[in-house]
Amino acid sequence: DTEEATNQARIVAEKILDVLTQPHQLDTYSHLSTSSIGITLFGHLQEGIEEPLKRADMAMYQAKAAGRNTFRFFDPSMHQAIAERANLEKDLREALASHQFRLVYQPQINDRAESTGVEALVRWQHPQRGPVSPADFIPLAEATGLILPLGQWVLETACTQLAAWARQPVMAHLTMAVNVSPRQFHQPEFVDQVLATLERTGANPHRLKLELTEGMLVTDVEDVIARMMRLKHIGVGFSLDDFGMGYSSLSYLKRLPLDQLKIDQSFVRDILIDPNDAAISKMVIVLAESLGLTVIAEGVETIEQRDFLSGQGCQTYQGYLFSRPLPAAELETFVQSRLNSQA
Ligand code: C2E
Ligand code: CA
Ligand code: CA
């Protein structure tokens, strides 16, 4: 993965520069030095070690030419991409401090057309770039560790909203699904933070559902189960997001204290035209049934998709067919108006 390798190299280069620019004590002298680093990627071409070293050397001279005490990639377009990424990272840090994030809520609808819950999705309103998609900044937040404060903000905001809805008769029954990223889930304090957030906001743990992804559950399974059990114990539910995309082993799936499987939107998209996608969604539904879990399909855009899934035994849906993700006030109107139309 060129992008990931490039970024890892940048992070290492920044660390090395950082350490080398610290003053070091030589006897009675405090000595300062600067360094220039050249970077190239290798491994995807059939080449020996000579060529990559030459490229790194050339990049190092570019770093010197650029004023020293910096790093350069051999490939200028790579450098451009990495510079943009570094900019986005800087903006992301500022965004947290200056409240540029907000949450929108997408309704989840059952077979009787009732709203049963929502999924909270984060939005970044960048002052210059405009709206930035979470698909673009969540991976970056994950790579830089900013996902920890951001994820905590999301949890706090979602739980505050949940507690507010508990006081509105029309909204009180809704569950709140919150996406949890791997790095967030694996930090040692995660469970304590969720417990403290529930306590602080007064949200009902039975209405909170954490969306986890397959990849984060396959290592340290014992530890994962222990964490999930602590939260489960006070009522928090778990949904397995993007199910079918990863490499779940069915035997460990059985051991996880899950409540729900979520059929990924990539299967729903072509469910009417691709027999493989139809077979996978059917498999997920049967699997959920036999494990005693509920199942929800995401990315449902047409009535035909909904009917097909319903015919396969699916019970809950989420997608543009029903609603796009909405700000809280609009979601309230959505839920209210569906109630009225049913009455
Ligand atoms: P996801 O959890 O799989 O979320 C579903 C995505 O599908 C959302 O994109 C949603 O807006 C979109 N979607 C919903 N209905 C439809 C539909 O009918 N058709 C199509 N084509 N798309 C639909 P969004 O909001 O851009 O989020 C993208 C991803 O970013 C999410 O995928 C999730 O992985 C991540 N993400 C979003 N919010 C958070 C968050 O608060 N924390 C973390 N850790 N990740 C988040
Ligand atoms: Ca999700
Ligand atoms: Ca998903």
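The values are calculated or read from the model by the stated rules, or taken from the named source; none is laboratory data. Values in this document were obtained by computation on a predicted structure and should not be read as measured data. Quick reminder, even Gly has a Cβ in these numbers, built from the backbone with ideal geometry, and neighbours come from all protein chains shown.
General observations
- Verdict on Gln161 being modelled with pLDDT of 95 or more, part of a loop (DSSP other than H, G, I, E, B) and either within 16 Å of ligand 3 (Cβ to nearest atom) or not hydrophobic (A, V, I, L, M, F, W, C) (or both): no
- Remark: pairs (first residue in the stretch 119-144, touching a residue at least 60 places away in the same chain (Cβ under 8 Å); second residue assigned to a helix (DSSP H, G or I) and within 15 Å of ligand 2 (Cβ to nearest atom); Cβ separation under 7 Å; 6+ apart in sequence or on different chains) = Leu121/Pro134.
- Members of the stretch 104-124 found to be surrounded by fewer than 21 Cβ atoms within 10 Å (Cβ to Cβ) and away from ligand 2 (no atom under 13 Å from the Cβ), listed by number: Asn110, Asp111, Arg112, Ala113, Glu114, Thr116, Arg123
- Test: residue in the stretch 309-317 that is within 11 Å of ligand 1 (Cβ to nearest atom), out of contact with any Pro (no Cβ under 8 Å at 6 or more places or on another chain) and of a type outside the set (Val, Ile, Thr): yes
- Boolean, Leu240 is under 17 Å from Glu119 (Cβ atoms), within 13 Å of ligand 1 (Cβ to nearest atom) and within 24 Å of the chain's Cα centre (by Cα): yes
- Considering only residues in the stretch 204-235 that are hydrophobic (A, V, I, L, M, F, W, C) and within 16 Å of ligand 1 (Cβ to nearest atom), the one that is surrounded by the most Cβ atoms within 10 Å (Cβ to Cβ) turns out to be Leu208.
- Of the listed requirements (1) in contact with a helix residue (DSSP H, G or I) (Cβ under 7 Å, 6 or more places away or on another chain); (2) at negative phi; (3) within 16 Å of ligand 2 (Cβ to nearest atom), Asp270 misses just one: (3).
- Odd one out for Leu150 among (1) at pLDDT 95 or above; (2) within 16 Å of ligand 3 (Cβ to nearest atom); (3) within 12 Å of the chain's Cα centre (by Cα): (2)
- Selection count where residues are over 17 Å from Asp242 (Cβ atoms) and buried (at least 19 other Cβ atoms within 10 Å of the Cβ), scope the stretch 283-296: 0
- Of all positions in the stretch 22-31, none carries a residue that is over 22 Å from Ala86 (Cβ atoms), assigned to a loop (DSSP other than H, G, I, E, B), modelled with pLDDT under 90 and in contact with a helix residue (DSSP H, G or I) (Cβ under 8 Å, 6 or more places away or on another chain).
- Selection within the stretch 297-324: residues that are part of a strand (DSSP E or B) and not aromatic (Phe, Trp, Tyr). The member of this set that is surrounded by the most Cβ atoms within 10 Å (Cβ to Cβ) is Ala297.
- Annotation: Ser115 fulfils all but one of (1) within 23 Å of the chain's Cα centre (by Cα); (2) at pLDDT 95 or above; (3) not aromatic (Phe, Trp, Tyr); the unmet one is (1).
- Going through (1) under 17 Å from Thr219 (Cβ atoms); (2) within 14 Å of ligand 1 (Cβ to nearest atom); (3) more than 19 Å from the chain's Cα centre (by Cα); (4) hydrophobic (A, V, I, L, M, F, W, C) one by one, Ile271 falls short only on (1).
- Some residue of the stretch 191-202 being within 18 Å of the chain's Cα centre (by Cα), of a type outside the set (Lys, Arg) and farther than 24 Å from Arg123 by Cβ: yes
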